[in-house]
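Asks: Got a structure for you, questions after.
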Amino acid sequence: MRIVRWVLLLAVLVGVGWVYKTVSGVAGNASPATLFRIVQQPRDFFLGKERVNVLIVGKDYNRDARGMPYTKNARADTIMLLSLDLARRQAAAVSVPRDTYVVAPDGVGGKINGTFSRGGVELLKQTLERTFDLTIDHHVVIKDTAIKNIVDALGGVWVETIDEMHYDDNWGGLHIHLPKGRQFINGEQAVGFVRFREVNTYKLDRWGNRVPIYPVKHSKEEGDIRRTERQQQLVRSIAQQATTPQNLLRLEAIADVVFREVETDLSRPQILALGARFGRSGLSDLQSTTLPGQGGYYGGAYYYNLDRARSQALVDWLLKGDEAAGRRLVRVSVYNASRLGGVARATAGRLGQQGYRIQRTDTAREASEVSRVIYKQAAFEARAREIQQFLGIAELHKDPDHPEEADVIVTIGKDLGQRMLASGR
């Protein structure tokens, strides 16, 4: 039963709902030798690869003249690349903002989500592979109804918002009203949680005319970057809820729901092999982030323009396993709060020799007895912890709202400053 549980966890995480049927189908038809290979040698089912990259696509939907939803020629609402390191049992996910500007292999320039409507998952896959010199091994396409039905099948999930979220779209049938803070939400609320992009700036009067809302109360949750971060949060929440005691007793019913909501080219033995390989960790240490860039309006349309150098370094690090690229990617600022001369420059020099990119070296506004390392995104936690251990600093904190532009901020207090002077560094 344990293998079923972990296959379910992995399956829900990547959007594949075959679990119970997969287990029964393989167990019923495969020989004991095959089952042994699935558990003991999962890489055999991926042509001996040490790393498997999976493209996860969430379908958007259109509406006809009567307001009814349909998915023909729909764009991609969510685009995520999941990398599974079979050798080290590590996983990473990189979200691609759907408004990202690309030139696809068919020669058309525009938003990356449009490649899905023109050429399906294959054109989207080719576009990402060519853009980042990346190999994508498999794909999972999640239907537009998946989030609501899967979350409801799990009985709801826990999420946390950083601000209130309010939006109403009567035509699209989307109504979002979520308070700030940690909360338990149902399937319909989960749809709003991942789809929210901005607050309403107008309301409709009784005749259907748009009436501006004054003043507009904006939310910190607005924008595509926060939207992709919430999508990643929901992925983790679904994975956690899938293994609660009450849901472990409902494996078959949950798997049946998820099975109806996805399309994938992963085979049944491959699903089992992934479950066996990641069974102990359950992907709890999943690193996730969004491709860096900046949005803006061009020719009247909104596009997200990638920071090409940083985006490529991010892909090389998280999706290809290049640790040196990970260090080049991380921007580090070093502040001297010890009031001892030269320690910030010396620390920056040591970190630079390790391959980190130094963003800034300066004197802190306030003195501090204690040194600390702060990181702003979960994806940089491993690098921040590496810096913490390298420098011998006790405190490590995450602060996504830190005003510093750097990804990791090192503050040298009197404790580390005195040690450095005593050791001659």
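The values are calculated or read from the model by the stated rules, or taken from the named source; none is laboratory data. Keep in mind the model is a prediction, meaning the values are calculated, not measured. Cβ coordinates were reconstructed from backbone atoms using ideal geometry, including for glycine residues, and neighbour counts include every protein chain displayed. For the accessible areas, the whole protein counts, side chains as well, though only heavy atoms, and no ligand, DNA or RNA atoms are used. Shrake-Rupley method; radii C 1.70, N 1.55, O 1.52, S 1.80 Å.
Asks: In region 223-252, which residues are within 10 Å of the chain's Cα centre (by Cα), open to solvent by 20 Å² or more (accessible area, probe 1.4 Å) and of a type in the set (S, T, N, Q)?
Replies: 233
Asks: Is it true that residue 155 is more than 19 Å from residue 230 (Cβ to Cβ) and surrounded by 15 or more Cβ atoms within 10 Å (Cβ to Cβ)?
Replies: Yes, satisfied.
Asks: Please go through region 377-397 and pick out each residue that is open to solvent by less than 40 Å² (accessible area, probe 1.4 Å) and not in a helix (DSSP H, G or I).
Replies: Result: 393, 396.
Asks: Related question: Quick one: which strands (runs of 3 or more DSSP E) lie wholly within region 259-376 and hold at least 2 residues that are open to solvent by 40 Å² or more (accessible area, probe 1.4 Å)?
Replies: Counting at least 2 such residues, we get 293-298, 301-306, 357-363.
Asks: So the check is Cβ under 7 Å with 6+ separation or different chains; which pairs have a first residue in region 314-343 that's without any contact (Cβ under 8 Å) to a residue 60 or more places away in the chain and a second one that's open to solvent by 10 Å² or more (accessible area, probe 1.4 Å) and part of a loop (DSSP other than H, G, I, E, B)?
Replies: 316/322; 324/355; 327/354; 327/355; 327/356; 328/355
Asks: If I filter region 140-166 down to residues being part of a loop (DSSP other than H, G, I, E, B) and of a type in the set (Gly, Ala, Ser), which single residue comes out as farthest from residue 250 (Cα to Cα)?
Replies: Taking region 140-166 as the starting set, the residues that turn out to be part of a loop (DSSP other than H, G, I, E, B) are 143-145, 155-156, 162-164.
Within this subset, residues satisfying the condition of being of a type in the set (Gly, Ala, Ser) are 155-156.
On the way: 155: 11, 156: 14 Å.
If we take residues in region 140-166 being part of a loop (DSSP other than H, G, I, E, B) and of a type in the set (Gly, Ala, Ser), then 156 is farthest from residue 250 (Cα to Cα).
Asks: If the requirement is being small (Gly, Ala, Ser) and in contact with a helix residue (DSSP H, G or I) (Cβ under 7 Å, 6 or more places away or on another chain), which of these qualifies: 321, 349, 326, 341? Give the derivation first.
Replies: Values: 321 fails: in contact with a helix residue (DSSP H, G or I) (Cβ under 7 Å, 6 or more places away or on another chain); 349 fails: in contact with a helix residue (DSSP H, G or I) (Cβ under 7 Å, 6 or more places away or on another chain); 341 fails: in contact with a helix residue (DSSP H, G or I) (Cβ under 7 Å, 6 or more places away or on another chain).
Only one candidate passes the filter, namely 326.
Asks: Can you say whether residue 148 is in contact with a Leu (Cβ under 8 Å, 6 or more places away or on another chain) and not β-branched (Val, Ile, Thr), as far as the supplied structure shows?
Replies: So residue 148 fails the test.
Asks: Which is on the phi < 0 side of the Ramachandran plot and in contact with a helix residue (DSSP H, G or I) (Cβ under 9 Å, 6 or more places away or on another chain), of 182, 195?
Replies: Among 182, 195, only 195 is on the phi < 0 side of the Ramachandran plot and in contact with a helix residue (DSSP H, G or I) (Cβ under 9 Å, 6 or more places away or on another chain).
Asks: Here are the criteria: (1) of a type outside the set (Ser, Thr, Tyr); (2) part of a helix (DSSP H, G or I); (3) modelled with pLDDT of 95 or more; (4) open to solvent by 20 Å² or more (accessible area, probe 1.4 Å). Tell me which single one residue 421 does not satisfy.
Replies: It is condition (3) that residue 421 fails.
Asks: Please list, ordered by first then second residue, the pairs with beta carbon atoms under 6 Å, 6 or more apart or interchain, first in region 173-195 and touching a residue at least 60 places away in the same chain (Cβ under 8 Å), second surrounded by 16 or more Cβ atoms within 10 Å (Cβ to Cβ) and not hydroxyl-bearing (Ser, Thr, Tyr).
Replies: 194/230; 194/231; 194/234
Asks: Hey, another quick one. Being at pLDDT below 95 and touching a helix residue (DSSP H, G or I) at 6+ places or on another chain (Cβ under 9 Å) is the filter; apply it to region 398-415 and report the residue that is least open to solvent (accessible area, probe 1.4 Å).
Replies: Ranking the candidates gives 407 first.
Asks: Taking strands (runs of 3 or more DSSP E) that do not extend beyond region 51-139, which have at least 2 residues that are modelled with pLDDT of 95 or more, basic (Lys, Arg) and open to solvent by less than 10 Å² (accessible area, probe 1.4 Å)?
Replies: Once the strands (runs of 3 or more DSSP E) in region 51-139 are filtered for at least 2 residues that are modelled with pLDDT of 95 or more, basic (Lys, Arg) and open to solvent by less than 10 Å² (accessible area, probe 1.4 Å), nothing remains.
Asks: Taking region 171-213, which residues are more than 29 Å from residue 149 (Cα to Cα) and either at pLDDT 90 or above or part of a loop (DSSP other than H, G, I, E, B) (or both)?
Replies: 201, 205, 206, 207, 208, 209, 213
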